Structures are given as structure tokens and as C-alpha cells.
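Scroll down for the structure; my scribbles are underneath it.
The values are calculated or read from the model by the stated rules, or taken from the named source; none is laboratory data. Remember, predicted model here, so these are calculated numbers, not experimental data. Virtual Cβ from ideal backbone geometry, glycine too; neighbours counted across all protein chains shown. Keep in mind that these areas ignore ligands, DNA and RNA; they rest on the heavy atoms of the full protein, side chains included. Shrake-Rupley method; radii C 1.70, N 1.55, O 1.52, S 1.80 Å.
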Amino acid sequence: MIPTPKALLGMAFLAGAALTYSATTPVHAKGDCDADPAPQVNWQDCRKRNLILSGNDMSGSLLEKTDFAGTDLRNTNLAGSVMIKAILNRANAANANLKNADLSKAEGNRVVFTNANLEGARFVKAELSRANFKGANLSGTSFQKAEFSRSNFTGANLAGVNMSYANLSRAVFAGADLTGLNVENSWTYMARFEGADLSGTLNMTQMQLDQSCGDAETVLPKGLNRPATWPCSDAE
């Protein structure tokens, strides 16, 4: 059957639309998964589980959706790297340099960031419960809408950190620098503020304080009252 002129015109229009769509729609290309660790390496969407990568310089690398589950990243230079949606389950990044790295929507459980440099990093909408940030430098970091329940921030530098709308339930903040920490609308159920100085925190409410755990050594924000439930009897 010979197509009519009207049908041919319609077919030409659809073909042109398809070419336009393919030309303007970005393609999610997989990185060079066989490449050695190096600055600006492209391991996008690669499987790098249970490896020993400690001590490598991988600054400025593209690591979006990279699976680092169980991988040793201790002392690794990942400054400025894009790690959006990276899988970090039980990865160890102790003493790593992650300054200005983007870990938005990263996922993992029991990730270790002890003594790491995370200054200016982004953890927006990340899900990293039970993470260990003990002694880490987190100044200027964004944790907006992130999941960090039961995480350990003992002795960490949280100056100027944005934790608005984050889940901080049962997280530990003993000895941390909380100057300028923004906790607007964050969930602080059983968050551990024993001995912490909360006087410099931003946007903390009485309700958030009442839900949390503190003691006689906790310094309160101006205008808020010490909860009658402190100290918590079941804060384990």
C-alpha cells in the first residue's frame, strides 16, 4: 500500500522529533571501570567493592553511582570528587580528604569517616545511618534532608554545618563544635547532647530539645529550658 502524502508528512515529523530527542537527551555513560585510581578518574557507575584503595590520589574524580561497599579508602585524596548516589556500605574513609566532594544521595550503613577532612562537602539527601564522623572536620558541610540516625559526631567540627530537615535521631554529639550548626526542622529524637555546647546552634526549638538527651553539663541555647526528662534513662 502506497502511503498518502499526509501519512508521509506525519512519518517525516516523527522521524525529525526522534532525531531531536536523541540529540538533546543526555546519555548516562558508564566510566572506564578498568582504569587505575588516579586524579580525575572516571569510574561512574562502576563496581569497586572490597578493594584496597588507601593512600591513592583520586581528587576531582567522577564517581557517581560507584559501588564502594566494603572498600578501604583510608587516607585517600577524594577532594572535589563527584560521588552522587555512591554506594558506601561499610566503606572505610578514615583520614581521607573529601573537601568539597559531592556525596548527595550517597547510600550506606556504618561508613567510617573518622578524622576525615569533609570541609564544604555535600551530603544532601544522603542516607548514611550509623556513620562514624568522630574527630572529622565537617565545617561548612551541607546535610540537608539527610538520614544520619545513630551516627557518631563525637569531637567533630560541625561549625557552620547545615543539618536542616535531617534525621539526627540517636546521633551522638559529645565534644563536637556546634557553633553555627543549623538544625532547622531536623529530627532530634534521642539525639545525644550530653556535655555539648548548644548555645551557638541555629533554629533549635524547645520541642527538639525536649526530644533529645542531655545532662547538667549541656549548655542550652538562649531562651530554651532544660527538659525535665534529662538525663535520659534509656539513651543506649
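Taken over the stretch 168-182, residues that are open to solvent by less than 40 Å² (accessible area, probe 1.4 Å) and either within 24 Å of Val112 (Cβ to Cβ) or touching a helix residue (DSSP H, G or I) at 6+ places or on another chain (Cβ under 8 Å) (or both) amount to 8. Return the residue satisfying two criteria in turn: it lies in the stretch 47-67 and is among the basic types (Lys, Arg) and surrounded by 16 or more Cβ atoms within 10 Å (Cβ to Cβ), and of such residues it is nearest to Asp36 (Cα to Cα). Result: Lys48. Given the structure, is Asn115 open to solvent by 30 Å² or more (accessible area, probe 1.4 Å) and either over 19 Å from Asp45 (Cβ atoms) or of a type in the set (Phe, Trp, Tyr) (or both)? The answer is yes for Asn115.
Candidates Leu202, Leu220: the one that is surrounded by fewer than 21 Cβ atoms within 10 Å (Cβ to Cβ), free of Cβ contacts under 8 Å to residues at least 40 places away in the same chain, within 20 Å of Val124 (Cβ to Cβ) and over 18 Å from the mean Cα position of the chain (by Cα) is Leu202.
Taking the stretch 83-111, which residues are open to solvent by less than 40 Å² (accessible area, probe 1.4 Å) and closer than 16 Å to Asn132 by Cα? Hits for the stretch 83-111 are Leu88, Ala91, Ala93, Ala94, Ala96, Leu98, Leu103, Ala106, Gly108, Val111. Filtered by the rule that a residue be within 19 Å of Arg192 (Cα to Cα) and surrounded by fewer than 22 Cβ atoms within 10 Å (Cβ to Cβ), the stretch 118-131 gives Ser129, Arg130. For Ser233, the stated conditions do not hold, so it cannot be described as closer than 24 Å to Asn137 by Cα and either open to solvent by 20 Å² or more (accessible area, probe 1.4 Å) or not aromatic (Phe, Trp, Tyr) (or both). Being under 24 Å from Arg90 (Cα atoms), polar (S, T, N, Q) and open to solvent by 40 Å² or more (accessible area, probe 1.4 Å) holds for only one residue in Asn185, Asn225, Asn157, and it is Asn157.
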